[in-house]
C-alpha cells in the first residue's frame, strides 16, 4: 500500500512507479511464472506476492570470481588455519600505492578474526618514471577492542616502525579520520627532523583525540545559495557561545569543534540573528521548526548537518557583509562622535594581534626569538596566535611560562582542512595553505585585524604602526620583494615568464609579513575567492610552487593587495646592504645562491638575534631546573 497520498500526485506518477517496479523485478518473475502451468486468473496475484516477498529481502551483492591465466608469479596464497567453514578472500593490489599500505593491515586483522583463505595478487604497473611511494605507513587497526593508555597492562593502539633506514631525514605525521582533531601530547625528539643515525633511543610519540568536528552546509531557501557572511555559534545552555564560525560561500560549508555531548547551534547575536532565521535542519537532534538547533555528538564518525535559513520578511534587502559605516544616519554619526571622545581610553585596552606558524624545534626556536623582538619594540599589549596543528608538546608546555614572564596573551587556533578542498600531502605545503586559505575562519569573529609574522623574522619596529596602516580599501597588505641587490637578478623568477605577463607593472609580494583587515576580508568574501582559485590551480602539480605567495599574487586583480613600504621587510638575499639600516623587520629568507644554514645566517646578519637567543635559553634552563626540583621534591615526599 502507498499512502496517504497528498496533492501533487498525478496519473503519470503511477505509470512511472509501474514501469520502475516492472523493470526491477516483476519482469523476471513474470518470465518464470509464464513457463509454469498456472491458471491465468491467479498469475497476477502470484507475481505480486512473489515480488513483495523477494523485494523485502536484504539486497546481496553478486559474487565475483577472479581468475588469472597463470598464478605462478606475483601472488601470495595463504591457507586457512582451521578445517572449518572458510571465507575465501581475493585481493588485487598495486603494491607501490597508499591503498596497498592500508590493505596490508586490513588483511592481517581480517585473518585474525575469521578463518580465511586468501589469494593476494600483486597487480604492478609496467613502467615507473619515479618512486610512487615516499613514506612508510602503518594503519592502526586492532582485531578487537583493547584497553586505553591509562591501563598499565596495555599501551593502547600502537603503530610501530621497525627496520627503518637511518640515513634519510624523516618526519612523523598522523593521518586521521575526517571528523577528528588530533594533537601530539608527548614526544622524545623533534618529529619534524628525525635523523635515526643521530638518535640512540627509540623514537616515541603519543597522540590524543582532542576534539570532534561538527560540520555542515547552510543554504538560503529563497535563493538556494549559501548565505554570505552568516555566522554560527556553538555552546551549551550554561555557556551559549563557546565556539563560533562563518559560513563559507564554498558549498555553504561551516565547521565547529566540540566534544561528545549535547550542543546548541544558533545564529550569532548581531546582524546574523537580526537578518536571518533558521527555518529547517537535517541531521540534528531537535524538531525542524526550532530556532536553536540541538546536536548530540555521540559517535566518532563525522556528523554533517544541513541547515536551511532565510531572511526575515522585513530584512529582505539587508546584507550581513555590508559596511554599516558607509551609510550612517544622523543618530549614528552622533554616536560615532561620542565614541571618538573616549578613543584614548580605548587605546589603553588595545591589543596587537600577531599570527605565526612553526613546525619543528628549529623553527620553534626562531619563533620564540621573533616573539621577544616584537615585545621589545612595542608598548601596546600583544596577543600571539599560533596554529596549534603542528606545535610540539615542548612549545605548548613552555609558552604559558613565557607569557607570564614577558606579559603577553596567547591563543592556539586550529582548523581541519575541509575534506572537499584539494588536499596537500607535504607538511610544508599544508602549513603554507593554512597561512592563506583559512584567514576568515581561523580566528574568533571578534578579531578585526591581524598581522602575520614569519617565525624566522626579527622585528625592529613597533608593529602597531603596521596594524594602523591605511590599506586604501584592500583586505590585506604585503611587502613587495626587494629589487636593490642586483647580483640576484637571475633568481628573480617573477621578472620573466608568466608572472611578468600576469602582474604587468604590479609587484610580486612576499608572504613573510602581511597585515589583514579581517572585517574587510570577510565582507568581500576574500577567503571564498582564494579557496575557489586554489581548488582550480592546485589540480596542476606545476602550479602554486610557493603556495602562500603565488595564490594571493595570482589573485591580485580579484582580491587587491596593498603594497607596504619596502622598509617593512628587509632580506639580505634580495635587498642591498645600504637599505638594512632602515629595516623595520629582517627576514632570514633562504639564499638560493649560497644556501647558508639559517642559524649561521641569523647570528651573522642580526646582532641582537644572539642576545635574544641567549635570554630565551636562560629562561628555558631555569624552567627545566624548576621542573627537576619539583620532581625530586615529589620523590622525597
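Provide the FRET efficiency to the nearest 0.05 for the residue 39-residue 90 pair, computing r from the beta carbons and using R0 = 45 Å.
0.45
So if I take the alpha carbon set of the range 75-122, get Rg, then get Rh from the Kirkwood formula, what is the Rg over Rh ratio?
Result for the range 75-122 is an Rg/Rh of 0.99.
Can you tell me the 0 to 90 degree angle between the C-alpha axis of helix 526-537 and the longest principal axis of the chain, rounded to 10?
Approximately 60 degrees, to the nearest 10.
Of 388, 379, how do they rank once you tally other Cβ atoms within 10 Å and put the fewest first?
Placing the least packed residue first, the sequence is 379, 388.
Counting only DSSP beta bridges with both residues in the chain, what percent are antiparallel, rounded to the nearest 5?
60 percent
For the chain, what does the helix formula give at 222 nm: sum of -39500 (n - 2.57) over DSSP H segments with n ≥ 4, over the residue count, nearest 500 deg cm²/dmol?
Computed mean residue ellipticity for the chain: -9000 deg cm²/dmol.
Mind jotting down the distance between the C-alpha centroids of the range 539-603 and the range 235-253, whole Å?
35 Å
What is the spin-label model distance, in nm, from residue 615 to residue 567 if the labels are put 7 Å beyond Cα along the C-beta direction?
Result for the modelled spin labels: 2.3 nm.
Rounded to the nearest 0.05, what FRET efficiency do residue 159 and residue 296 have when you use their Cβ-Cβ distance and R0 = 45 Å?
The calculated FRET efficiency here is 0.90.
Tell me whether the range 353-616 comes out rounded, prolate or oblate; compute the Cα gyration tensor, take square roots of the eigenvalues as a ≥ b ≥ c, and use a/c under 1.5 as the rounded threshold.
It comes out rounded by the Cα gyration axes.
With a point put 7 Å past each Cα toward its Cβ, work out how far residue 462 is from residue 195 in nm, to one decimal.
In this crude spin-label approximation the distance works out to 4.3 nm.
Give the Cα extents of the chain along the principal axes, in whole Å, largest first.
104, 73, 68
Rank the residues 371, 122 as a footprinting-exposure proxy: fewest other Cβ atoms within 10 Å of their Cβ go first.
Neighbour counts put them in this order, fewest first: 122, 371.
If neighbour count is taken as other Cβ atoms inside 10 Å, put 15, 253 in order from fewest to most.
The most exposed by this proxy come first: 15, 253.
If you line up the long axis of helix 40-56 against the longest principal axis of the chain, both from Cα atoms, how many degrees apart are they, to the nearest 10?
30 degrees
Any chance you could give the angle, 0 to 90 degrees and rounded to 10, that helix 393-406 forms with the longest Cα principal axis of the chain?
Helix 393-406 and the main axis of the chain meet at about 40 degrees.
I'd like the antiparallel share, as a percent to the nearest 5, of DSSP beta bridges with both residues in the range 353-616.
45 percent
Once each part is reduced to its C-alpha centroid, what is the distance from the range 425-443 to the range 1-61 in angstrom?
55 Å
Could you check the spin-label model distance between residue 306 and residue 83? Points 7 Å from the Cα along Cα→Cβ, value in nm.
Using points 7 Å along Cα→Cβ, the separation is 5.6 nm.
Arrange the peptides 357-364, 424-431 so that the one whose residues have, on average, the most other Cβ atoms within 10 Å appears first.
Those peptides, ordered most packed to least, come out 357-364, 424-431.
Go ahead and run the numbers for FRET between residue 350 and residue 206, Cβ-Cβ distance against an R0 of 56 Å, rounding to 0.05.
0.90
Full-extension gain between residue 239 and residue 131, please, as 0.36 nm times their residue separation minus the C-alpha to C-alpha distance.
Full extension from residue 239 to residue 131 adds 33.7 nm.
Every read-out reported here was derived from the displayed coordinates using simple, explicitly stated rules and does not represent laboratory data. Bear in mind that the values here come from a model prediction, so they are computed numbers and not experimental data. Positions of Cβ are backbone-derived with ideal geometry, glycine not excepted, and every protein chain shown enters the neighbour counts.
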